[in-house]
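Contents: one structure, followed by commentary.
The values are calculated or read from the model by the stated rules, or taken from the named source; none is laboratory data. Everything quoted here is computed from the prediction, not taken from an experiment. Here Cβ is always computed from backbone atoms with ideal geometry, including for glycine, and neighbour counts include all displayed protein chains.
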Amino acid sequence: MKFFFDLLPVILFFVAYKIAGSNEAAALDLASSVLGGGIEARQAPILIATAIAIVATAAQIAWVWFRHGKVETMLWVSLGIVTVFGGATLFFHDPTFIKWKPTALYWLFAVSLVVSAVAFKRNVIRKLLEAQLSLPDAVWSRLNLAWAGFFALMGVLNLVVAYQFSEATWVNFKLFGGMGLMLLFVVAQGAYLSRYMEDEKT
């Protein structure tokens, strides 16, 4: 359930884009009424989807705050990035900014993992998982580095899809490609860690 909740802004972005794209005339009227003139019909779906993503992320944080009285730092970071990049897309009517948003977030994750480990001797992945797993220090270090590498590569891959393929393909990749690759990485990670969990049981 939490996985779905975390993905909710991305899912709503995808749904809004598809609905708006299926009726560009109505989408153009809506986008123009909210964002002003000068918008082309082909721009309307991505602009509407971007606005929905910003609102959904803000609502997500409001709900978490209401339920728990505090919000995780990464949710605030996500809101900040989607507001900056999404806001630029809405202001300039240019989808380039929102296409860079996933890359900015992925690279921020990668840099945070590396800087925390190198500069502050703090393994973020270990901090998140050590309650469920007991691993040697060297394995924790490799795991942290693997996640940093994964996020760095995902940032590059997002730009490749954004610039080499159609906008609709990028929207599909943003949801299904990103989620699928994440699941594959987690499965591969689980297979790698299984040997240590078996050793612990014995």
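What to note about this one:
- Condition broken by Val171, with the remaining ones in (1) assigned to a loop (DSSP other than H, G, I, E, B); (2) under 24 Å from Ile52 (Cα atoms); (3) aliphatic (A, V, I, L, M) satisfied: (1)
- Test: residue in segment 34-54 that is more than 26 Å from the chain's Cα centre (by Cα) and among the polar types (S, T, N, Q): no
- When residues of segment 1-47 are limited to those that are polar (S, T, N, Q) and either assigned to a helix (DSSP H, G or I) or touching a helix residue (DSSP H, G or I) at 6+ places or on another chain (Cβ under 7 Å) (or both), the one surrounded by the most Cβ atoms within 10 Å (Cβ to Cβ): Gln43
- Only one of the listed residues (Ala16, Ala58, Ala25) is outside the structural domain of Gly180 (by TED's automatic domain parsing) and either touching a residue at least 60 places away in the same chain (Cβ under 8 Å) or under 21 Å from Met179 (Cβ atoms) (or both). That residue is Ala16.
- Wholly within segment 63-143, helices (runs of 4 or more DSSP H) carrying at least 1 residues that are modelled with pLDDT of 95 or more, surrounded by 17 or more Cβ atoms within 10 Å (Cβ to Cβ) and of a type outside the set (D, E, K, R): 73-92, 96-119
- Residue count for segment 1-28, restricted to those that are among the charged types (D, E, K, R) and at pLDDT 95 or above: 1
- Among the candidates Ser116, Ser112, Ser78, the residue that is among the polar types (S, T, N, Q), within 26 Å of Leu159 (Cα to Cα) and within 14 Å of the chain's Cα centre (by Cα) is uniquely Ser78.
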